[in-house]
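First comes the structure, then the notes that go with it.
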Amino acid sequence: MNAEQTLIDYTLRLADNALILGQRMVENVAAWPELEEELANANFALDFLGQARMLYSYAGELEGKGRSEDDFAYLRDEHEFRNVLLLEQPNGHFGDALVRQYLFEAAYVHILGALVECRDEQLSAIAARAIKEVQYHVRHTSKWLIRLGDGTELSQTRVQQSLHDVWRFTGELFAADDIDIAFQETFGGPDLSAVAALWRTDVAAVVSEATLVLPDDEWMATGGKQGRHSEHLGYLLAEMQYLPRSHAGATW
């Protein structure tokens, strides 16, 4: 794999993660427990969609085949997406969606921190912008996790179950494959083993303050970064891609 293809593939992974999480969050607009949280969720979703647009546009420039951000988002099939499995899991209740977002962004913020220092100028600039948004997201979701965990008996029980239910998807965040390794070696990308250590320290501190218990590390689900997804992504894409696929080439 040459350096240019490594950069394209890595950029698309970042974009797919942002798009799929953003879409999951869009599904929760008008479904959150209070108005202020509705607005926060909508704004966070827009942050991710904005990141996805920048990353897809950059990937299109690198590829040089004329594909736009819309082509990447709406005209690729399920097996062409490279998002991690964690992000395509159904929203469930408030605690489920909150835990999924927190666990991902607690890692993503360290990945972005490393990307700010990477040797690709454009990706570094995108990361420098995105990290400011994600740092705020992490502060917000961690406070909610603490509030639910250290709240009523019911809220603690339910959010503890949420933590157990999605934990098996977190290992993929740090499972470096050929693309991760090549990007690290060629462009000074994130060392995922170092990110994992930082993530575990951060998560353990928040979980402890929330009076919750970290799940045991057992079998971890992987495959999303290689295009092997759960059935949930197919349903998500069917809804998200319906209009552009039904009315190809249509414009407002």
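The values are calculated or read from the model by the stated rules, or taken from the named source; none is laboratory data. What you see is a predicted model, and the numbers here were worked out from it, not measured in a lab. In this analysis, Cβ positions are derived from the backbone assuming ideal geometry, glycine residues included, and neighbour counts consider all displayed protein chains. Calculation scope for accessible area: heavy atoms of the full protein, side chains included, ligands and nucleic acids excluded. Shrake-Rupley method; radii C 1.70, N 1.55, O 1.52, S 1.80 Å.
A few points about this structure:
- Whole-number Å³ per residue for the convex hull built on Cα positions in segment 146-231: 110 Å³
- Summarising the label geometry, the points placed 7 Å from Cα in the beta-carbon direction at GLU34 and THR152 lie 1.4 nm from one another.
- Overall dimensions of segment 37-97 as given by Cα atoms, namely Rg and Dmax in Å: 14.2, 42
- Calculated on C-alpha atoms, the gyration radius of segment 61-199 divided by its Kirkwood radius gives an Rg/Rh of 1.01.
- Of the GluC sites (Glu not before Pro) found in segment 212-244, the ones in coil according to DSSP and having at most 10 other Cβ atoms within 10 Å of their Cβ are GLU218.
- The spacing between segment 86-160 and segment 29-80, judged by their C-alpha centroids, is 16 Å.
- Computed over protein heavy atoms with a 1.4 Å probe, the accessible surface of the chain works out to 48 Å² per residue.
- Scalar couplings 3J(HN,Hα) for segment 234-251, obtained by applying the Karplus form with A = 6.51, B = -1.76, C = 1.60 to θ = phi - 60°, are x, 5, 4, 5, 4, 6, 5, 9, 4, 5, x, 7, 6, 10, 4, x, 5, 10 Hz; x denotes Gly and Pro.
- Helix 153-167 vs. the chain, principal-axis angle (Cα, 0 to 90°, nearest 10): 30 degrees
- Rg over Rh [alpha-carbon atoms, Kirkwood Rh] for segment 1-130: 0.98
- Cross-link reach is defined here as a Cα-Cα straight distance under 27 Å, omitting same-chain residues fewer than 8 places apart; for LYS65 the lysines meeting it are LYS225.
- Measuring nothing but protein heavy atoms, the accessible surface of the chain at 1.4 Å probe radius is 52 percent carbon and sulfur.
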